[in-house]
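Data first, discussion second: the structure below is written as structure tokens.
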Amino acid sequence: MALFSSASSSTTTFAIALFTLFLIGSSSAQLSENFYAKKCPKVLSAVKSVVQSAVAKEPRMGGSLLRLFFHDCFVNGCDGSVLLDGPSSEKTAPPNNNSLRGYEVIDAIKSKVEAICPGIVSCADITAIAARDSVNILGGPFWKVKLGRRDSKTGFFQLASSGVLPGPSSSLSTLISNFKDQGLSTKDMVALSGAHTIGKARCATYGSRIYTEKNIDSLFAKARQKNCPSNSNGTPKDNNVAPLDFKTPNHFDNSYYKNLINKKGLLHSDQVLFDGGSTDSLVTAYSNNQKAFESDFVTAMIKMGNIKPLTGSNGEIRRQCRSPN
């Protein structure tokens, strides 16, 4: 009896020790706003200085860096995989090829950060901080970014090509489904779509809408047609760009939603948010209340930033963002 009791006690002690280790491990693996406070205290100012310079030179870059983070997180989580080069990289997947931009800015940030804290800050975290700074520099809200992500060692071309990334011709049901698959609600989706208050889109992504769709303001369509001819398909004019928010293209505000109510959404996937469907009320609310939009946008950005991060001993800290170590 004594032997049984002793064994039971020993097993219990071992189990408690294991559980304690698990708690310590899981808590250390969580993302934290203060992750680099001691390891690399100057990382935030280093990132912001490069983003500020890039956006001052070309305001469109703010939208590009924000989109880069979104496309990273939606393909196997926020792991910097979208930054990797190579013939089968995510960069070459149809939704990203000749479309994503801002890689050079990420490279410049990484170079600056490596000079002050070599081997400490991940490319995934740099992308997350750069997205926040882009929004804030262009007049949008500031929030504390949760950090501690590590970088993937490989890209995910097949997954990036599989439809997980919403496209410019997506229906409302597809948008809702795509975001739900990432653990994001319909409210998150409508708020994150407000990122289209900055940035530009290529003629190839909106040409069909401005010539064939009915739920579009006719004068707005005609204005866009001047820079996007109907016969542009497959020609260099496919790359002509227009602002996603024609009212305040370089300022992060709620004009995007006001445009939708006036049938002046540039992309099909923009206008479906206000077209007699389930999200009309959210668009109306955000068009009337910029603070409500900004608050929900920040909440959704933090949620998106928490999608499947690599933490602890998973992944690596890349020395260069374009290639694994």
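Nothing in this text is a laboratory measurement; each read-out follows from the coordinates by a stated rule. These numbers come from a predicted model, not from an experiment. For neighbour counting, all protein chains shown are included, and Cβ atoms are generated from backbone atoms with ideal geometry for every residue, glycine included.
A few remarks follow.
- Each label was represented as a point 7 Å from its Cα along the Cα-to-Cβ direction; for K38 and S185 these points are 3.7 nm apart.
- Fluctuation leader among D133, D181, D125 - the chain, Gaussian network, Cα springs under 10 angstrom: D181
- Each 5 Å bin, from zero up to the one with the longest distance, holds this percent of the alpha carbon pairs of region 177-325: 2, 9, 16, 17, 16, 13, 11, 8, 5, 2, 0, 0.
- For region 62-121, the fraction of C-alpha pairs more than 13 angstrom apart is 63%.
- Cα Rg over Rh - the chain, Kirkwood: 1.06
- Extension gain from K247 to A292, taking 0.36 nm per residue of separation minus the Cα-Cα distance: 14.2 nm
- For region 112-245, the Kirkwood estimate of hydrodynamic radius, built from reciprocal distances between every pair of different alpha carbons, is 18.0 Å.
- Value of relative contact order over the chain, rounded to a whole percent, pairs C-alpha under 8 Å and six or more apart: 25
- Our analysis of region 17-151 gives Rg over Rh at 1.00, with the two radii drawn from alpha carbon positions and Rh computed by the Kirkwood formula.
- Structural size metrics of region 79-171, computed from C-alpha coordinates, are Rg and Dmax of 14.5, 46 Å.
- Subset of K39/K180; K200/K264; K146/K187 violating a 26 Å alpha-carbon distance limit: K39/K180
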